[in-house]
Every structure is written in C-alpha cells, then in structure tokens.
Amino acid sequence: MKIVWSEYALSRLKIIYDYYVNYVGVVKAEEVSNLIVLRVDDLLSFPYLGQIEYCSKSREQNMRYILIYQYKIVYEIVQEDIIILDVFHTKQSPHKMCLNEEPSEYVIKRNI
C-alpha cells in the first residue's frame, strides 16, 4: 500500500503552509505541515483509521477522514493506494470540500 496525494490536496497543503508562514512564522508552518504529512503516513499502517466521511455516502467511494489540529484530511482507499483528496479547514463551509466534485476531476500525483 502507498500514499498518493492528489494535486488538489497538495495545493491545499501549500496554502496552509503559506498562511502560517505569513501570519505565524516559518517554524509553526513547518510544524503544522510536517504533522499533517506524518499523520497521513500513519495510514500506511492503519488505512481504516479514519471515520467514514458522511458527505460521501451518496457517492460510490468510501471516503474517510482523519483530524489533525483543525484540519480534516479526506482520503479514500483504492486497491493498493490511499489517495489523499483534500486537506480541509473545519471552520470552512462543508460545501467547499472536494466531495462536491466528480472523482474524474482529480489529478493524481504519484511518488510523493
């Protein structure tokens, strides 16, 4: 099994990093982004660790999420891949989550 980040999820992680750099500092930005990546890596040992994402019940995918600080990491398990779909701040409207898009709109970036 391996972790695969969608380009969308990577762009969201970059936005989080940039926010912390601009408003808090580089040290905190690295701490938050590194913790998110480390917790995502935990999914390799425990892929079903996350709860089922209630917004995904209407979709065929069985999406799950884990919480890190105030961020919801949305992922799905596809064959031997754990695909990270979104890094979502929980204070945002749920309508902004990636779950409203079609899966074909995700571009997968491998080997990260």
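The values are calculated or read from the model by the stated rules, or taken from the named source; none is laboratory data. Quick caveat: nothing in here was measured; it's all calculated off a predicted structure. Note that we place each Cβ from the backbone using ideal geometry, even for glycine, and neighbour counts take in every protein chain shown. When the accessible area is computed, the model is the full protein with side chains, heavy atoms only, and any ligands, DNA or RNA have been set aside. Shrake-Rupley method; radii C 1.70, N 1.55, O 1.52, S 1.80 Å.
Restricting to region 8-55, and then to whatever is among the β-branched types (V, I, T) and within 14 Å of the chain's Cα centre (by Cα), can you tell me which residue is most open to solvent (accessible area, probe 1.4 Å)?
Checking each candidate, the answer is I15.
Name the single residue that is farthest from L38 (Cα to Cα) among those in region 60-83 being touching an Asp or Glu at 6+ places or on another chain (Cβ under 9 Å) and either hydrophobic (A, V, I, L, M, F, W, C) or modelled with pLDDT under 55 (or both).
This residue is M63.
Give the residues of region 10-19 that are within 15 Å of K91 (Cβ to Cβ) and either free of Cβ contacts under 8 Å to residues at least 60 places away in the same chain or among the aromatic types (F, W, Y) (or both), sorted by residue number.
At the first step, the residues of region 10-19 found to be within 15 Å of K91 (Cβ to Cβ) are 12, 15-16, 19.
I15, Y19, listed by residue number.
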